[in-house]
Amino acid sequence: ACDGNCAIAAAFDWHADAQTAQQEERVELTLALSHDESVKRALAERLLRVSDPESESYGQHASRSQLPDLVPPKQRAAELATAWAANAGATVVPAGSGDMLVARLTVAQAETLLGIRVTAHRHAITGERILRTLDDLSVPNDLRGHVDLVHGLSTWPLRGKRSDAHDSVAIGSP
C-alpha cells in the first residue's frame, strides 16, 4: 500500500525504479542547525526595522558577509552534528551562513546514520533517477534542539506534469 511519503512521491510523478539504490552510491544531506530564541527574535526585529519606511534602519539590508554574525547556530550545534555525521563516515563541511552543514556519504552510511532505507526513484515524464527514502527521518535525542532539519533524501523535485509535458519546460528545473 502506498501512503504518506509514497503518496507524495506518486503525486509528483516519482515511482520506484527497477534499478535499486546501490550501497556505494553517493548522497548529500544538508543539516540545518538550530538557533537560540534570542537570535530568532533579534533577526525578526531587524527585518521589521529595515522594512519599515518610518525606521532609521529602513533599507539598510545586511550584506552576505554580515549573515554569519546575524544567524549563528546554537553553541555546540555544529560540533555535535559534525561528530554525529562523521562518525557514520560522512565528509562534513560548513555551508550557508555557518548555520548549515553539508554531509557527503554513501547510501549505506546514510541508511545507518538515519535508520532509513534509501531507494531509487524515476520520474515518469523526464526519466530522471534520484535516491530518496520513504521513511520518516529523525535525529538522535542528543541532537534534538541542535539540528532542525535534515534535507536531501525526503523531498521530491517538482518536474513537468503530464498536462504540460508537451511544452518541453520542466517546472522547478535545477
- Message: Using the Cα centre of region 53-135 as the reference point, and only Cβ charges (+1 on K/R, -1 on D/E), how large is the resulting charge dipole? Debye, rounded to the nearest 20.
- Response: 500 debye
- Note on the structure: Given backbone amide H placed at 1.01 Å from N, residues whose amide H is under 5 Å from that of residue 21, ignoring those fewer than 5 places away on the same chain, are 120
- Query: What is the distance in Å between the Cα centres of region 43-77 and region 101-145?
  - Reply: 33 Å
- Message: Quick check: at a probe of 1.4 Å, how many percent of the accessible area of the chain sits on carbon and sulfur atoms?
- Response: 52 percent
- Query: How large is the accessible surface per residue of the chain, computed with a 1.4 Å probe and reported in Å² as a whole number?
  - Reply: 59 Å²
- Message: Using the Cα centre of the chain as the reference point, and only Cβ charges (+1 on K/R, -1 on D/E), how large is the resulting charge dipole? Debye, rounded to the nearest 20.
- Response: 240 debye
- Query: What shape does region 1-155 take by its C-alpha gyration tensor, where a ≥ b ≥ c are the square roots of the eigenvalues and a/c under 1.5 counts as rounded, a/b above b/c as prolate, and the rest as oblate?
  - Reply: prolate
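The values are calculated or read from the model by the stated rules, or taken from the named source; none is laboratory data. From a predicted model like this one, the values you see are computed outputs, not experimental measurements. Heads up, the Cβs are rebuilt from the backbone with ideal geometry, glycines too, and the neighbour counts pull from every protein chain shown. Only protein heavy atoms, including side chains, enter the accessible area calculation; ligands, DNA and RNA are left aside. Shrake-Rupley method; radii C 1.70, N 1.55, O 1.52, S 1.80 Å.
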